[in-house]
Amino acid sequence: MNVTTGLFYVFSAVLLFAAFRVITARNPVHAALYLVLTFFQAAMIWMLLKAEFLSITLVLVYVGAVMVLFLFVVMMMDINVENLRVGFWKHFPLAAIVGVVIALEMAAVLMGGFRVVDDPNAVAAAAEANNAKELGKLLFTQYLVQLEVAAAILLVAMIAAIALTLRARKDSKYVSPGDQVRVRSADRMTVVKMDATQAAVAPVAEVSEPKA
């Protein structure tokens, strides 16, 4: 067993432990942190498989953006953990069976794709290939339409999320930026001349006392 195989087993063991703790941790913050650890271990396994682009994407997108946002949401919301865990162990055996079945199905599908390549030229070409470059070629040539459709769907989803959450509140004050831009200096302050409501009182002269 070489170093790469040993690291693969180590990362896989930590990944399985962290994934199990994601669903068994009582604190949602701890579960989110275990999920971050799971993503890191998956990224390291992809790095061992020489899928550098997927590894860096997993760290930047999921760990750097999604999980940080999820942690902020979990810590800012008042979540009743006890109500969320009601009936967990009751449904755990069924969920474990479904998970094992899905894992076996994925293993059956993926194991058929691992073939031993006997052609030395193919092995040398695969070693010298840049997977990020090849992935970019596929995305912007063969799968360009699918990429554009996915980008349009994400844009529509983002606009819909903003429209659904942007609600006018009665207790908040709002000034239209257009009105602020169109305002003139004469509209901001008006000097009004008014007559005095009371007559001015004449000052009383001070009387000095005679010296003895």
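For residue 49 and residue 73, calculate 0.36 nm times their separation in residues minus their Cα-Cα distance, and state this gained length in nm to one decimal.
Extra length from residue 49 to residue 73 when fully extended: 5.3 nm.
In nanometres, what is the gap between the two model label sites at residue 57 and residue 111, each 7 Å from Cα along Cα-to-Cβ?
Taking the simple label geometry, residue 57 and residue 111 are separated by 2.8 nm.
Pulled fully out, how much extra length does the chain show between residue 148 and residue 25, if you take 0.36 nm times their separation in residues and subtract their Cα-Cα distance?
Fully extending the segment from residue 148 to residue 25 adds 40.4 nm.
Computed FRET efficiency, Cβ-Cβ of residue 100 and residue 8, R0 25 Å: what is it to the nearest 0.05?
0.70
How do the peptides 87-95, 187-195, 66-74 rank, highest first, by the average count of neighbouring beta carbon atoms within 10 Å per residue?
Top to bottom by mean Cβ count within 10 Å: 66-74, 87-95, 187-195.
Taking the Kirkwood radius as the inverse of the mean 1/r across Cα pairs, report the Rg/Rh of segment 1-80.
With Rg and the Kirkwood Rh in hand, the quotient comes to 1.06.
Stretched out fully, how many nm does the piece from residue 16 to residue 140 gain, at 0.36 nm a residue minus the Cα gap?
Stretched fully, the residue 16-residue 140 segment lengthens by 41.1 nm.
7 Å from Cα along Cα→Cβ at both residue 160 and residue 197: what's the point-to-point distance in nm?
6.1 nm
The numbers here are math on the coordinates, done by the rules we state, and not lab data. Here the structure is a predicted model, which is why all the values come from computation and not from measurement. Note that we place each Cβ from the backbone using ideal geometry, even for glycine, and neighbour counts take in every protein chain shown.
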